[in-house]
1. Please give me the summed charge of the neighbours of residue 177: other residues whose Cβ is under 9 Å from its Cβ, Lys and Arg +1, Asp and Glu -1.
2. If the only charges are +1 at each Lys and Arg Cβ and -1 at each Asp and Glu Cβ, what is the size of the charge dipole of the chain around the Cα centre, to the nearest 20 debye?
3. So, for the chain, what is the accessible surface per residue at a probe of 1.4 Å, expressed in square angstrom?
4. Which residue, chosen from 181, 5, 125, occupies the Cα position most advanced towards the positive end of the dipole of the chain, where the dipole is computed from +1 (Lys, Arg) and -1 (Asp, Glu) charges on Cβ about the Cα centre?
5. Determine the share of the chain's accessible area contributed by carbon and sulfur atoms, expressed in whole percent, with a 1.4 angstrom probe.
6. DSSP loop chymotrypsin sites (Phe, Trp or Tyr not before Pro) in the stretch 141-230 with at most 12 other Cβ atoms within 10 Å of their Cβ, which ones?
7. Please give the charge dipole size of the stretch 170-231, origin at the Cα centre, charges +1 on K and R Cβ atoms and -1 on D and E Cβ atoms. Round to the nearest 20 debye.
8. If you take every DSSP beta bridge whose two residues both sit in the stretch 90-227, what share of them, in percent to the nearest 5, is antiparallel?
Amino acid sequence: MEAEGILADKEIFIFTDNSTFEGTFYKGHSTSEKICDIILRLRLAQQRTGCILHVTHVAGTRMKEAGIDGLSRGDLLEGMLSGGGGPWRFIPLSENADSRSGGTVVPWVKSWWGQDEKSSWCGAPLKLLTPTQWFDLKNIVGPRLWVPPPAAMMTALEVFNEDRIARPYLPHVFVVPRLMTGMWRKQLSKDADVVFTIESGPVFWPRHMHEPLLVLIVFPFAHIPSFRGPW
């Protein structure tokens, strides 16, 4: 494909159920010589052709549903190979957790955060941010609830970082399906104070969601005038 010029200036998505391969692609090194060799060949091809590569880990159950797993056995009657739609129908990178769940994720988050000023943590209910509001955060009052699609996480992180600097007294809650994590999880985990994973299976995130749900909570900064530090 490289020799024929097919890869030139293209954006390519590689989906795998091997989380080690995804991690090595973004980290750049593995103790496995064979994986390192594959990653090196991909990076060299990317450099020579100018293409953009995205390696994304997906659940093995999703590979089966999409028909990718069956393809290795010569089965052409499953998933996208049977005429059931293109790959984006089976790998929803552009859909957020709440829309995928049918509107059950946001009520679940608000149920443990609190619905009013008396019961809410930090004294205020969460404000669900729409993509349009990401770029107008100066006019949004109260704690932020981020439910972005995995494909938009890089943009969400950019505006989150600006808002974090301008309003350090506000908490943030991120709820994102575990997709495209190589592009955002490490960075956001450094800011988050609490990180936990919800495996698929609960009522608000059923098994057909395949990948787990990642929840990251960023606490507000606290100023304590009398604190002098350990020195």
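The values are calculated or read from the model by the stated rules, or taken from the named source; none is laboratory data. From a predicted model like this one, the values you see are computed outputs, not experimental measurements. Cβ placement follows ideal geometry from the backbone for every residue including glycine, while neighbour counts extend to all protein chains displayed. The area values use the complete protein model at the heavy-atom level, side chains included, leaving out ligands, DNA and RNA. Shrake-Rupley method; radii C 1.70, N 1.55, O 1.52, S 1.80 Å.
1. Counting the neighbours of residue 177, the net charge comes to 0.
2. Charge dipole of the chain: 540 debye, to the nearest 20.
3. Ligands and nucleic acids excluded, the figure is 57 Å² per residue.
4. Of 181, 5, 125, it is 125.
5. Whole-percent figure for carbon plus sulfur exposure: 57.
6. For chymotrypsin sites (Phe, Trp or Tyr not before Pro) across the stretch 141-230 that sit outside H, G, I, E and B with at most 12 neighbouring Cβ atoms in 10 Å, the list reads 169, 221, 227.
7. Numbers: 6 positive and 4 negative charges, 29 e Å.
It works out to roughly 140 debye.
8. That works out to approximately 70 percent antiparallel.
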